[in-house]
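The values are calculated or read from the model by the stated rules, or taken from the named source; none is laboratory data. If you're wondering where the values come from, they're calculated on a predicted model, not measured in any experiment. Virtual Cβ from ideal backbone geometry, glycine too; neighbours counted across all protein chains shown. Just the protein is used for accessible areas: all its heavy atoms, side chains included, with ligands, DNA and RNA removed. Shrake-Rupley method; radii C 1.70, N 1.55, O 1.52, S 1.80 Å.
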Amino acid sequence: MNKRTLYLAWQDHVRTRAWFPVGQLDFDGELHRFRYIRSAIRAVKHGFFPLPTFPDLYHCYEAEHLFPIFRHRIINPRRPGRELYLKRLGLSSNADPFEILAVNGGTRMTDPYEVFPRLVKEEDGSFRCRFFLHGWRHASAAAQDRLRELKSGEKLYLALELTNPRTTIAVQLQSTDHQVLGWAPRYLVNDLAHAMAEVPRYEASVVRVNRLATEVDHTGWGPDYVPLPPAWRVLIELRGRWIEHEPMTGDDYAPLA
């Protein structure tokens, strides 16, 4: 089995709301390894503390089984409602923990962490990634109405935003009638911006639109119903290509251990 990689990001909730990739989780088919990456040093200056499970920034942690901090971010295989849960993620019923975390983001209401997969550059330079639309709750009323009309398979436009008040650079997702629906995750922006600059041929589409609890008639739902996190509103797939750029290889992603 080829090595599979996920990253752990932390958000500065107090001051800047900025996201920082702080750790790297690898699995080679036998061992899980967690290491902090150099961006964690910048995060410390913004209030980040090493996780109790991984207290040393410069140590490589190994385990045969998935570490609890990640395992607790996916649905229990025996829990009722698992099939619906995976359907909302656009995954099959036999999806493994890494596949689930790569899409669900590992988000929890109780902490400032999110999980995202390593972007993989194929031999021809192409890449494909999926993520849930960020920031849609801050879109205009017209965009909110348009978002409710989205259909699976619908094409979306991308736009590079250079004057975002929070992050300066951002990647917008727009409907074909140019409503700004939301944004790509901030920790993907640098690599996506390189793709948009190098090869101006990229595309995005809607994989799935999940209805919120306020939009669902719960009559008849049993105890197996799994509440939908608002962050899972719209699942997006983006496809593009790099020529020179190698994704997630900058200094920020260098392991400290």
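For ARG88, the solvent-accessible surface with a 1.4 Å probe is about 20 Å², rounded to the nearest 10. About the centre of its Cα atoms, the chain shows a dipole size close to 620 debye [charges on the beta carbon of Lys, Arg (+1) and Asp, Glu (-1) only; nearest 20 debye]. Largest accessible area first, the listed residues THR5, THR53 line up as THR53, THR5 when surface is computed with a 1.4 Å probe on the assembled protein chains. Between rounded, prolate and oblate, where does region 9-144 land on the alpha carbon gyration tensor, with a ≥ b ≥ c its root eigenvalues, rounded for a/c under 1.5, else prolate if a/b exceeds b/c? Here region 9-144 falls in the rounded category. Taken about its Cα centre, region 1-65 carries a charge dipole of about 480 debye when Lys and Arg each add +1 at the Cβ and Asp and Glu each add -1 at the Cβ.
In this Cβ point-charge picture (+1 for Lys and Arg, -1 for Asp and Glu), region 53-154 has a dipole of about 560 debye about its Cα centre. Electrostatic bookkeeping for PRO50 treats Lys and Arg as +1 and Asp and Glu as -1; over the other residues with beta carbon under 15 Å from its beta carbon, the sum is +2.
Applying D = kT/(6 pi eta Rh) to the chain, where Rh is the Kirkwood radius over alpha-carbon pairs, T corresponds to 37 °C and eta to 0.692 mPa s, the Stokes-Einstein value obtained is 169 µm²/s.
Per-residue accessible area (protein heavy atoms, 1.4 Å probe) orders ASP124, ASP111 as ASP124, ASP111, starting from the largest. Mean residue ellipticity, 222 nm, helices only, the chain: the sum of -39500 (n - 2.57) across DSSP H runs of n ≥ 4, divided by residue count and rounded to 500, is -4000 deg cm²/dmol. The three principal axes of the C-alpha atoms in region 103-208 carry coordinate ranges of 41, 37, 30 Å, sorted with the longest axis first.
Checking every one of the GluC sites (Glu not before Pro) in region 8-64 against DSSP loop status and a limit of 14 other Cβ atoms within 10 Å picks out GLU30, GLU64. Available extension along the chain between ARG211 and ARG166 is 13.4 nm, counting 0.36 nm per residue and deducting the alpha carbon span.
Measuring how big region 79-153 is from its alpha-carbon positions, Rg and Dmax come out at 15.2, 42 Å.
Dipole of the chain computed with +1 at Lys/Arg Cβ and -1 at Asp/Glu Cβ about the Cα centre; of LEU160, ILE37, PHE49, farthest Cα towards the positive end is PHE49. Net charge in the neighbourhood of PRO229 (other residues with Cβ under 10 Å of its Cβ; Lys, Arg +1, Asp, Glu -1) is +3.
In this structure LYS45 has an accessible area near 150 Å², from a 1.4 Å probe over the protein heavy atoms.
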